[in-house]
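The values are calculated or read from the model by the stated rules, or taken from the named source; none is laboratory data. Being a predicted model, the structure only gives us computed values, none of them experimental. When we count neighbours, we look across all protein chains shown, and the Cβ atoms used for this are built from the backbone with ideal geometry, even at glycine. What goes into the accessible areas is simple: the full protein's heavy atoms, side chains included, and nothing from ligands, DNA or RNA. Shrake-Rupley method; radii C 1.70, N 1.55, O 1.52, S 1.80 Å.
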Amino acid sequence: MDKAGRIDPWSSEQSTDYARIVNQFGLSSVDADSLPNPGMLHRRGIVFGHRDLDVVVDCMSVGDPFGVLTGLMPSGRMHLGHSMVIEQVRWFQEQGADVTVAVADLEALATRGTSLAKGRETALREYVLNYAALGLDPENTSVYFQSSRPAVQRLAFTLGQRTNISELEAIYGFSGDTNLAHVQAPLVQVGDIVHPQMDEYGGLRPIVVPVGVDQDPHLRLTRDITQKSNWFNIKQRKNGGLTVALSVQDSNRSELGVLDSGKVDKECRNSVMSNIESSIIELGFSDVKSNPKHGIIEIPAATATDKFRIRMKLLSIERKMGGMGLLPPSSTYHRFAVGMTGDKMSSSKPESTIFMDDPIDVMAKKVKRAISGGQPTVEEHRRHGGDVSKDVAFQYLQYFFEEDDNALEEIRKGYESGRLLAGDVKQLCIDSATEWLDTLAEKRSQWEDSVDEFLAKDAL
Ligand code: TRP
């Protein structure tokens, strides 16, 4: 984070002050107990924060459609750090989500100079193949390239009208000498995030985006833009309840009943208002107070938990009237596992992480060299025990390789009590990682000739 509290999504620094991030960006904390079949990353508090995840959880519990979207930068090799989001995507998919995967080939071109051809090759060989091996279901997974999906680029352009250089400066720290392709990259990502809601890509439904906190600036931008584009806003009412207010904009003045003179076209306005009223009544509210002149509808009995149902109604009305009707994305945030050398995991520092296709002996060597939480001498270790919070091998078992909570707890106890030495925990990690990597390699070879099954039509 810089002095202004900004996170640069393209820098190699990693913010790990999660408490500060939760506070500063107003994230909600994840309560694993409130999730159906919480996955390993939830149970262990590795997924620590979210925005609007409740909306998605509600869909899960009643069987309503929802989607999950992720994106990948096709550069470098895929490593453990990348697998965390895919583990979450797989979990959402198991809970009923359809999956969209953006290959950020335009972003890689803009920010890293990767050619589109090279990006494509890397994406397919390195990432999509591993996503398949990690267990995504091709039946409802759709991988596309930013460069070959005009709908995404069109949204980037259209929604660009709802932001300006000052906002991008405030969010990303862009300045006068920022390359313009780089300025466009986050807008294309906004397009990635919202386009699954369009009718051609599955229609209006919540879309959740699981990310590391480094990507949160893009989510804040997207939420801000979608909210500015909405024709109807929902606000907390002063004396309890909710208020729906028309948001008159240049693009919707005549539809919302504002004449060129600025006067209200009563007939048109009344018809908009009664449309909204009747869909709110359909939801079961009988007390609905409408003020057509001011474009306000009050629903005194509505509570915060009714917001989502009301919003969905308003968005579909907006769409029928010709607006985009966009729901802000939901998102989740995961902690980063420490790099094996103590700093951040990175493809450019092979010693810092385990790659998805590392040979077993290479992996074992890295684990043996990794930072441990053991005491300097065996004697001291037996007396004081090890520190799991510093121990890479333990953390990798916790984040990636040991799915069984009880087995993990046994290892923790053994280590903290001094019964297990750092070398023992490293060996346990090597054993589990061996099984994990072997299975992955086997699955990769099964999918090698059929990754096309995961590709959208426009990606073939
Ligand atoms: N910016 C992301 C990265 O650096 C890649 C990405 C592009 C993405 N579009 C996305 C991630 C949409 C999540 C959602 O890795």
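A single entry from 251, 274 fulfils the requirement of being modelled with pLDDT of 95 or more and hydroxyl-bearing (Ser, Thr, Tyr): 274. Selection of helices (runs of 4 or more DSSP H) fully inside region 45-119 by the criterion of at least 3 residues being within 29 Å of residue 341 (Cα to Cα) and open to solvent by 20 Å² or more (accessible area, probe 1.4 Å) returns 80-94. On inspection, residue 402 fails the criterion of being open to solvent by 60 Å² or more (accessible area, probe 1.4 Å) and either within 20 Å of residue 337 (Cα to Cα) or not hydrophobic (A, V, I, L, M, F, W, C) (or both). Return yes or no: is residue 75 under 17 Å from the mean Cα position of the chain (by Cα) and within 15 Å of the ligand (Cβ to nearest atom)? It is false that residue 75 is under 17 Å from the mean Cα position of the chain (by Cα) and within 15 Å of the ligand (Cβ to nearest atom). If the condition is being crowded, with 18+ Cβ neighbours inside 10 Å and closer than 14 Å to residue 311 by Cβ, then region 243-257 contributes 243, 244.
Quick one: in region 99-137, of everything that is charged (D, E, K, R) and more than 14 Å from the ligand (Cβ to nearest atom), which residue is nearest to residue 66 (Cα to Cα)? Among those residues, the one meeting the criterion is 137. Considering only residues that are in contact with a strand residue (DSSP E or B) (Cβ under 9 Å, 6 or more places away or on another chain) and either open to solvent by less than 50 Å² (accessible area, probe 1.4 Å) or within 16 Å of residue 200 (Cα to Cα) (or both), which ones fall in region 310-322? Across region 310-322, the qualifying residues are 310, 314, 315, 317, 318. Is at least one residue of region 326-340 part of a loop (DSSP other than H, G, I, E, B), of a type in the set (Lys, Arg) and touching a Phe, Trp or Tyr at 6+ places or on another chain (Cβ under 9 Å)? Within region 326-340, one or more residues are part of a loop (DSSP other than H, G, I, E, B), of a type in the set (Lys, Arg) and touching a Phe, Trp or Tyr at 6+ places or on another chain (Cβ under 9 Å).
Do you know which of the residues in region 258-282 that are of a type in the set (Val, Ile, Thr) and in a helix (DSSP H, G or I) is most open to solvent (accessible area, probe 1.4 Å)?
281
Condition check: within 16 Å of the ligand (Cβ to nearest atom) and either free of Cβ contacts under 8 Å to residues at least 24 places away in the same chain or β-branched (Val, Ile, Thr) (or both). Does residue 21 satisfy that? Here the answer is no, as residue 21 does not meet what is asked.
Scanning region 87-98 for residues that are hydrophobic (A, V, I, L, M, F, W, C) and within 12 Å of the ligand (Cβ to nearest atom) turns up just one, 89.
Of the set (1) in contact with a Ser or Thr (Cβ under 7 Å, 6 or more places away or on another chain); (2) loosely packed, with under 13 Cβ neighbours inside 10 Å; (3) small (Gly, Ala, Ser), all apply to residue 325 but (2).
One residue stands out in region 368-391 among those that are touching a Phe, Trp or Tyr at 6+ places or on another chain (Cβ under 9 Å) and either of a type in the set (D, E, K, R) or open to solvent by 50 Å² or more (accessible area, probe 1.4 Å) (or both): the one that is farthest from residue 431 (Cα to Cα), namely 387. Only one of the numbered conditions (1) hydroxyl-bearing (Ser, Thr, Tyr); (2) crowded, with 20+ Cβ neighbours inside 10 Å; (3) under 21 Å from the mean Cα position of the chain (by Cα) is violated by residue 352, and that is (3).
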